[in-house]
Amino acid sequence: MKVRWQVSLCKEPVNWPYVVWRAEHNRTVPLLENHLRRLDLLTLLPTEAAHYVQCWTVMSKVRSALEFRNLPEIMDALDRAGIAWFLVKGPDLALLHYPDPLLRPMTDLDIMVKPADAQRVQRLMFDLGYRHGIFDPSNGNWHPERKELDDETFRESYSLPVFVRIESVESPFPGPAVPRQLRYRHVKGYIDSAKKLHMPIFIDMHVNLSVGIDVEDIWSGVRLANGLGRILQVQSATGAVWFLSARLYHEAFLYNSLRLLMFGDLHAVLHKEMANISWAEVAAIGYKYEMRPALYFVLTQMKRICGIDIPSEFLELIRPDQTEVPLQHDWGDVLPKLLSIPTVNDLELA
């Protein structure tokens, strides 16, 4: 029934350039392409929009495949060096919670290490051929930068300077066929005259998830999982719930970063890991770091829209109290912001 509804909806007049624009800014283009292809609806798109969606999807999958190809070497090197680590954000979510990991775009690979190991990690990454610097997608040139770690590095930051290595593979498209804004912004890469694609692989080594979070809360419940044909160390399901909820909420209101992909990530974690989530720990984190509004509004909408059985007593426990002084980061419901819906509450003066 739902499939018939989706098909009939797509056959109505649709502003496809707008749909593609929204998908791009929500980083859901490969998912859009996958579902349109599954429903045999790709032919409904105008030629230019269909080509853009195809380029976006294929280039994103190439980048993800290269990232996953590089990941085992890094994990093995960290293990040999005796450096504790776990996967977080993109690689964790894509490998464990999506039916095809290449459907979830990744700008970089995110790996958590401990602050005390930061300098060792930097030397290890240099030994593997990664560098700090800037890649120019207009010509494929590399501009190295020197980044020294010191006592001030993590005062206002929670990750090492990004590590980059350039990978070169046969391009799925000739250079002129790939839109400029795609190569320059969303899936960076340079295609030379020999149809070689030169693509930077970004590795983000984190020492925290945000400034001011206690390290023991970040590492709480780190677990083992299967992926890439090996055992991985990944963020706990509980940690993923509070982190994704808080990140989605704060990035939407603070940075106008409207990423429905994060809402989908959270849904995927809840759908698969519900039995492994400690709601008491999520509530404790919410109170400790004043995340209650983020957790309440995001998870309430997740329950309402997606039918996820989030405990009512948990939601009541973290619900902001109208009679108290509002918390600093309480901006109300996040969904109208995510969907760009101009909402005015229907209130009357007594």
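The values are calculated or read from the model by the stated rules, or taken from the named source; none is laboratory data. What you see is a predicted model, and the numbers here were worked out from it, not measured in a lab. Every residue, glycine as well, gets a Cβ built from its backbone with ideal geometry; the counts of neighbours run over all protein chains shown. Calculation scope for accessible area: heavy atoms of the full protein, side chains included, ligands and nucleic acids excluded. Shrake-Rupley method; radii C 1.70, N 1.55, O 1.52, S 1.80 Å.
Quick look at the numbers
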read-out	value
Single match in 99, 200, 105, 137 (criterion: of a type outside the set (Phe, Trp, Tyr) and open to solvent by 40 Å² or more (accessible area, probe 1.4 Å))	99
All positions within the stretch 115-169 that are in contact with a strand residue (DSSP E or B) (Cβ under 6 Å, 6 or more places away or on another chain) and touching a residue at least 60 places away in the same chain (Cβ under 8 Å)	121, 125, 130, 135, 165, 167, 169
Residue in the stretch 31-48 that is surrounded by 18 or more Cβ atoms within 10 Å (Cβ to Cβ) and more than 24 Å from the chain's Cα centre (by Cα) present	yes
Test: residue in the stretch 318-327 that is loosely packed, with under 12 Cβ neighbours inside 10 Å and touching a helix residue (DSSP H, G or I) at 6+ places or on another chain (Cβ under 8 Å)	no
Any chance residue 193 is part of a loop (DSSP other than H, G, I, E, B), closer than 30 Å to residue 57 by Cα and open to solvent by 40 Å² or more (accessible area, probe 1.4 Å)	yes
Residue tally, condition of a type in the set (Phe, Trp, Tyr), part of a loop (DSSP other than H, G, I, E, B) and within 22 Å of residue 188 (Cα to Cα), over the stretch 130-168	1
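For (1) modelled with pLDDT under 95; (2) aromatic (Phe, Trp, Tyr); (3) crowded, with 21+ Cβ neighbours inside 10 Å; (4) under 24 Å from residue 115 (Cα atoms), each residue gets a yes or a no:
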residue: 217; (1), (2), (3), (4): no, no, no, yes
residue: 223; (1), (2), (3), (4): no, no, no, yes
residue: 239; (1), (2), (3), (4): no, no, yes, yes
residue: 256; (1), (2), (3), (4): yes, no, no, no
residue: 259; (1), (2), (3), (4): yes, no, no, no
residue: 270; (1), (2), (3), (4): no, no, yes, no
residue: 284; (1), (2), (3), (4): no, no, no, yes
